[in-house]
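> Structure provided below as structure tokens; questions to follow.
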Amino acid sequence: MSGKQDLLRTLPAIDRVLREEPLRNLSQQLPQDTLSHAVQELIASLRQEILETGQIVPPERLLAKNIAAVAAQYCREFLQPSLRKVINATGTLLHTNLGRAPLSSQSLRAINNVAAGYSNLEFELDSGCRGERFSHVESLLTQLTGAEAALVVNNNSGAVLLALTALGKGREAIVSRGELVEIGGAFRIPEVMEAGGVILREVGSSNRTHLHDYQQAVNENTAILLKVHTSNYRIVGFTKEVPARELLPVAQENNLILMEDLGSGLLLDLSGYGLEREPTVPEVVKAGVDVITFSGDKLLGGPQAGIIVGRADLIKKIRKHPLARALRIDKLTLAALESTLRLYLQPEQALQELPVLKMFAADPEQQKQRCLHLFERLEAESLAAEIKLIEDVSRVGGGAMPLTELSDWAVEINPLQGRTADLAKQLRTFSPAVVARVQNDRLLVNLRAVFEDEEALLTQILITVLKAS
Ligand SMILES: *Cc1c(COP(=O)(O)O)cnc(C)c1O
């Protein structure tokens, strides 16, 4: 007990620590309050540690100069931007945690063009009258999808919530039990419906839903037949789902709205690139679905956005709902989305210019050459690691096409000393950060989502980190 009290008494006062050199040096760059706060927190955590573990806390750690050094380290980290660039060596192209789709150079220019100054965001230059922000993308979207009208919001979760509540509040929407999707975090179809005040009428079973299940569930309070694309899982085996085109007559006979949440929303058929064949947005429009929602930053390859296309009368109703204002798209996103959509006017241009589409289309032989080059560069350094060129697979990610594996290559790194997890951490905390995959205690560096102009830097970082460890 007395040991603890002695240790606690040796803890220095905050002012004493602040006078130490490492913190004095930071006083030009950070407010005094920030420095004091860091010291205060650190002393509090040391006090806690002493009370919990007693004499095990080494007395050197309680010296003012050592506390100051640790606090200064925290403060220097605070000076770094928190949101920063990452080199994605995971082989997952639309990695939700790493920001999904990288933007095209056209989008970067478009953002630059409107970000620094003023723009005609909601202003008609011809008439000098107030305009609509959606107008910048609506005709592009109707042209590219064949729909009558379109609306864009902050993200697809918002698009689904908005469309459901604007069209079905207080009434029922019929959904197959096989399509009650949860998409990462808090987006679950039943909960989104509840939040939107729409009554969920589940039909069928997890693996099989028939047309007659929908027909039998229709009643005078039904407003919507909802199809949800099971983007991030597949039900395989003894299954049955009813495609939207078969639901169309049921919707028409009963005057119901047929809505489909597509999730990813392909504008082009990418099945030629090793991706699963999924209905494209134009095909779903053509099948007669009234309202379709999809993301801007999944397979479309643009910024985070939610896109709603469909029947003009319904889009108008959605646009007038107060939530539309709350979920409205911001001008930088709108600039990025417009430029992304413009590329699709010529499909070969979209394939050449949109980073994600280029990555899907990457030739496996070329990927092998890139990995071989990296392998040879690392081998030449005689590093303390076993290095191999291995076959690997890349994935779409972003909760899309969960079964799709794109055949690929990777460089496997096995450190001779130390743990693979520590090596992975050193790479993550490097600047710029490198995120690779750890699989069966081996570090895999997959180059599919690494840009060509990042390759030399990535090689250098790997060499530096492996030499230091
Ligand atoms: C991804 C996804 C969403 C959510 O879209 P965000 O743009 O991430 O908000 C909703 N529904 C489906 C089917 C999805 O795949």
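> If you consider only alpha-carbon coordinates, what radius of gyration and Dmax does segment 2-79 have, in Å?
Just the Cα atoms of segment 2-79 yield Rg and Dmax of 12.6, 41 Å.
> Roughly how compact is segment 104-353, stated as its Cα Rg over 2.2 N^0.38 Å to two decimals? Walk me through the numbers on the way to the answer.
Values: Rg = 18.2 Å, N = 250, 2.2 N^0.38 = 17.9 Å.
In units of the 2.2 N^0.38 Å rule of thumb, it is 1.02.
> With labels modelled as points extended 7 Å from the Cα through the Cβ direction, what inter-label distance (nm, one decimal) is found for Tyr273 paired with Ala456?
For Tyr273 paired with Ala456, the spin-label model returns 2.7 nm.
> Another question about this same structure. Please give the length that would be gained between Lys320 and Val438 if that part of the chain were fully extended, namely 0.36 nm times their separation in residues minus their C-alpha to C-alpha distance (nm, one decimal).
Values: separation 118, 0.36 × 118 = 42.48 nm, distance 4.83 nm.
In short, 37.6 nm is gained.
> Could you work out how far the C-alpha centroid of segment 31-96 sits from that of segment 308-334, in angstrom?
Taking the Cα centre of segment 308-334 as reference, the centre of segment 31-96 is 44 Å away.
> Which entries in the list Lys298/Lys358; Lys425/Lys467; Lys65/Lys467 go over 20 Å, if you measure between the two C-alpha atoms of each?
From the list (Lys298/Lys358; Lys425/Lys467; Lys65/Lys467), the Cα-Cα distance tops 20 Å for Lys65/Lys467.
> Could you run the Karplus curve 6.51 cos²θ - 1.76 cosθ + 1.60 with θ = phi - 60° over segment 74-83 and give me ³J(HN,Hα) per residue in whole Hz, x for Gly and Pro?
Running phi through 6.51 cos²θ - 1.76 cosθ + 1.60 with θ = phi - 60° gives 4, 5, 5, 4, 5, 6, 6, x, 7, 8 Hz.
> Now for a separate question. How big is the dipole moment of the chain about its Cα centre under a simple scheme where the beta carbon of each Lys and Arg is +1, that of each Asp and Glu is -1, and everything else is neutral? Debye, nearest 20, please. Numbers along the way, then the final one.
Numbers: 50 positive and 57 negative charges, 212 e Å.
The calculated dipole for the chain is roughly 1020 debye.
> Using the heavy atoms of the protein chains alone and a 1.4 angstrom probe, what is the accessible area of the chain per residue in square angstrom? Please list the in-between numbers first.
Numbers: 23000 Å² over 469 residues.
I get 49 Å² per residue for the chain.
> For the chain, what's the relative contact order in percent, using C-alpha pairs closer than 8 Å and at least 6 residues apart?
Reported relative contact order: 19 percent.
> Now for a separate question. Kindly write out, for segment 286-292 in residue order, the coupling ³J(HN,Hα) from the Karplus curve 6.51 cos²θ - 1.76 cosθ + 1.60 (θ = phi - 60°), rounded to whole Hz, with x marking Gly and Pro.
The phi angles translate into 5, 5, x, 5, 6, 9, 10 Hz.
> In addition: With a ≥ b ≥ c taken as the square roots of the eigenvalues of the C-alpha gyration tensor of segment 300-415, please select rounded if a/c is under 1.5 and otherwise prolate if a/b is larger than b/c or oblate if it is not?
Details: a/c = 3.08, a/b = 2.69, b/c = 1.15.
Prolate.
> What range in the chain is the longest one free of chymotrypsin sites (Phe, Trp or Tyr not before Pro) that are in a loop by DSSP and have at most 13 other Cβ atoms within 10 angstrom?
On the way: sites that count: Tyr118, Tyr233, Phe238.
Between exposed loop sites, the widest span is 239-469.
> How many angstrom lie between the C-alpha centres of segment 421-452 and segment 150-168?
Between the Cα centre of segment 421-452 and that of segment 150-168, the gap is 37 Å.
> Identify, among Thr230, Leu83, Phe375, the residue whose Cα sits farthest towards the positive end of the charge dipole of the chain, taking +1 on the Cβ of Lys and Arg and -1 on the Cβ of Asp and Glu, with the dipole about the Cα centre.
Leu83
> Turning to a different aspect of this structure: Report the label-to-label distance for Ile463 and Phe123 in nanometres (one decimal), using points 7 Å from each Cα along the Cα→Cβ vector.
Spacing of the two 7 Å Cα→Cβ label points: 5.2 nm.
> Under a cut-off of 25 Å between alpha-carbon atoms, report the lysines in cross-link reach of Lys317, not counting same-chain residues fewer than 8 places apart.
In chain and number order, the partners are Lys169, Lys227, Lys286, Lys331.
> Taking R0 as 25 Å, what FRET efficiency do you get between Gln417 and Thr53 from their Cβ-Cβ distance, rounded to the nearest 0.05? Don't skip to the end; give the middle numbers.
Working: r = 29 Å, r/R0 = 1.18.
The computed FRET efficiency comes out at 0.25.
> Turning to a different aspect of this structure: Just the number, please: carbon plus sulfur as a percent of the accessible area of the chain, 1.4 Å probe, no ligands or DNA/RNA counted. Write out the running numbers ahead of the final one.
Numbers: 11310 of 23000 Å².
The value for the chain is 49 percent carbon and sulfur by accessible area.
> Ignoring everything except DSSP H segments at least 4 long, calculate the 222 nm mean residue ellipticity for the chain; use -39,500 (n - 2.57) per segment, divide by total residues, nearest 500.
Values: 20 runs with 204 residues, N = 469.
Calculated mean residue ellipticity at 222 nm is -13000 deg cm²/dmol.
> What shape does segment 105-156 take by its C-alpha gyration tensor, where a ≥ b ≥ c are the square roots of the eigenvalues and a/c under 1.5 counts as rounded, a/b above b/c as prolate, and the rest as oblate? List each step's numbers first, then the result.
Numbers: a/c = 1.99, a/b = 1.20, b/c = 1.66.
It is oblate, given that a/c is not under 1.5 and a/b is not larger than b/c.
> For the chain, build the charge dipole from Cβ charges (+1 Lys, Arg; -1 Asp, Glu) around the Cα centre, then report which of Ile14, His210, Ser295 sits farthest towards its positive end.
Ile14
> Can you bin every Cα-Cα distance in the chain into 20 Å intervals starting at zero and give me the percent of pairs per bin, rounded to whole numbers?
Histogram of Cα-Cα distances, whole percents per bin: 20, 41, 31, 8, 0.
> For Asn155, enumerate residues with amide H under 5 Å from its amide H, sequence gap 5+ or separate chain, H modeled in the peptide plane.
Counting only residues 5 or more places away or on other chains, the set is Gly306.
> Using a 7 Å offset from the Cα along the Cα-to-Cβ direction at both Thr239 and Phe430, what is the distance between the two label points in nm, to one decimal?
4.0 nm
> Can you list residues whose amide H is under 5 Å from Thr222's amide H, if they're 5+ apart or on another chain and H is modeled 1.01 Å from N?
For Thr222, the qualifying residues are Glu172.
The values are calculated or read from the model by the stated rules, or taken from the named source; none is laboratory data. Only a predicted model underlies this, so the values are computations on that prediction, with no experimental measurement involved. Because the Cβ atoms are built from the backbone with ideal geometry, glycine has one as well, and the counts that use them run over all protein chains shown. When the accessible area is computed, the model is the full protein with side chains, heavy atoms only, and any ligands, DNA or RNA have been set aside. Shrake-Rupley method; radii C 1.70, N 1.55, O 1.52, S 1.80 Å.
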